[in-house]
Amino acid sequence: MCHDVIRGRSVRRQAFVGMVRALMDGLRRRWGVIAAVVVVGVALDQIAKQLAEALLRGRGLVTVIDGFFELRYARNPGAFFSLGADLSPTLRRVFFIGASAAASALILRLYAKAQDGQRAFRVALMLLLAGALGNLVDRVLWGEVIDFAHLHWREVFDWATFNVADAFIVGGLGLLVLDLFRRNGDAAEAAPSAERGST
């Protein structure tokens with residue numbers, strides 16, 4: 001009898017240790033993935049900006065696809081579409097660094113709370129964090145962001161000059177919207193099924 005009790009405790013202890021190890025492995029994988037994506041994303045962004053600094057500054061426009069895509073060096077003291085550029089340099093720097101840090105903290109919090117099945121949501125958060133930190137590096141170093149890519153459609157459509165970090169942010173936001181529509185669609189499909197099951 002005593003032997004059975006000891007063996008039962010040992011089995012429960014091993015099961016508990018196994019659960020803890022599986023949980024820790026899952027957490028390491030999850031945070032390892034976001035760390036890798038963010039490091040690579042920020043590195044790509046900074047390399048592209050340094051290339052723009054070295055190759056585009058003072059050159060004017062460089063046409064890549066005529067009437068659609070061109071490279072042009074620019075320094076943006078504000079946010080997207082130069083929002084906030086009219087603020088004083090000190091206030092602008094403090095505000096945007098604080099906003100970027102707060103946004104990064106919020107993204108990490110959302111990522112920590114995301115369920116394992118929410119892959120698109122987590123990828124979107126990774127892209128958003130890489131973009132936010134990429135531009136944060138510029139604001140800390142220079143007080144403004146280096147932009148170099150410009151999209152337009154002849155004289156009809158003109159997009160703001162942007163960089164790799166901005167592309168990550170737009171991609172992350174787009175993926176968030178798609179994931180939201182997908183989840184709303186899944187919920188709408190599940191609701192009639194639940195109603196039929198209750199009748």
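The values are calculated or read from the model by the stated rules, or taken from the named source; none is laboratory data. All figures in this text were calculated on a predicted structure; none of them were measured in a lab. Here the Cβ is made from the backbone with ideal geometry for all residues, glycine too, and neighbour counts use every protein chain on show.
Against the conditions (1) among the basic types (Lys, Arg); (2) in contact with an Asp or Glu (Cβ under 8 Å, 6 or more places away or on another chain); (3) at pLDDT below 90, where does ARG59 fall short? Just the number, please.
Here ARG59 clears every test but (2).
From (1) in a helix (DSSP H, G or I); (2) under 30 Å from LEU55 (Cα atoms), pick out the condition that doesn't hold for LEU151.
Condition not satisfied by LEU151: (1).
Yes or no, residue by residue, for (1) under 21 Å from the mean Cα position of the chain (by Cα); (2) more than 29 Å from ASP66 (Cα to Cα); (3) not in a strand (DSSP E or B):
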site	(1), (2), (3)
ARG93	no, yes, yes
ALA105	yes, yes, yes
ALA112	yes, yes, yes
ALA124	yes, yes, yes
LEU128	yes, yes, yes
VAL137	yes, yes, yes
ILE146	yes, no, no
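Quick one: ASP116 ticks every box in (1) among the charged types (D, E, K, R); (2) closer than 18 Å to LEU180 by Cβ; (3) touching a helix residue (DSSP H, G or I) at 6+ places or on another chain (Cβ under 8 Å) bar one, so which box is it?
Answer for ASP116: the failing condition is (2).
One residue is enough: does the range 43-56 have a residue meeting the conditions out of contact with any strand residue (DSSP E or B) (no Cβ under 7 Å at 6 or more places or on another chain), on the phi > 0 side of the Ramachandran plot and modelled with pLDDT of 85 or more?
Taking every residue of the range 43-56 in turn, none turns out to be out of contact with any strand residue (DSSP E or B) (no Cβ under 7 Å at 6 or more places or on another chain), on the phi > 0 side of the Ramachandran plot and modelled with pLDDT of 85 or more.
Hey, any hits in the range 127-147 for a residue that's surrounded by 15 or more Cβ atoms within 10 Å (Cβ to Cβ) and free of Cβ contacts under 8 Å to residues at least 12 places away in the same chain?
Scanning the range 127-147 turns up no residue that is surrounded by 15 or more Cβ atoms within 10 Å (Cβ to Cβ) and free of Cβ contacts under 8 Å to residues at least 12 places away in the same chain.
For GLY174, only one of the following conditions fails: (1) surrounded by fewer than 16 Cβ atoms within 10 Å (Cβ to Cβ); (2) touching a strand residue (DSSP E or B) at 6+ places or on another chain (Cβ under 7 Å); (3) modelled with pLDDT of 90 or more. What is its number?
(2)
Tell me, please, whether a residue that is of a type in the set (A, V, I, L, M), more than 22 Å from the chain's Cα centre (by Cα) and modelled with pLDDT under 85 can be found in the range 83-90.
Within the range 83-90, one or more residues are of a type in the set (A, V, I, L, M), more than 22 Å from the chain's Cα centre (by Cα) and modelled with pLDDT under 85.
List every residue pair whose Cβ atoms lie under 6 Å apart, where the two residues are 6 or more positions apart in sequence or sit on different chains, the first residue falls within the range 167-178 and is of a type outside the set (A, V, I, L, M), and the second residue, located anywhere, is assigned to a helix (DSSP H, G or I).
So the pair list comes out as PHE168/GLY41; PHE168/LEU127; PHE168/ALA130; PHE168/GLY131; GLY171/LEU127; GLY172/ALA124; GLY172/LEU127; GLY172/LEU128.
Does GLY172 satisfy the criteria of being small (Gly, Ala, Ser), in contact with a helix residue (DSSP H, G or I) (Cβ under 7 Å, 6 or more places away or on another chain) and assigned to a helix (DSSP H, G or I)?
Yes.
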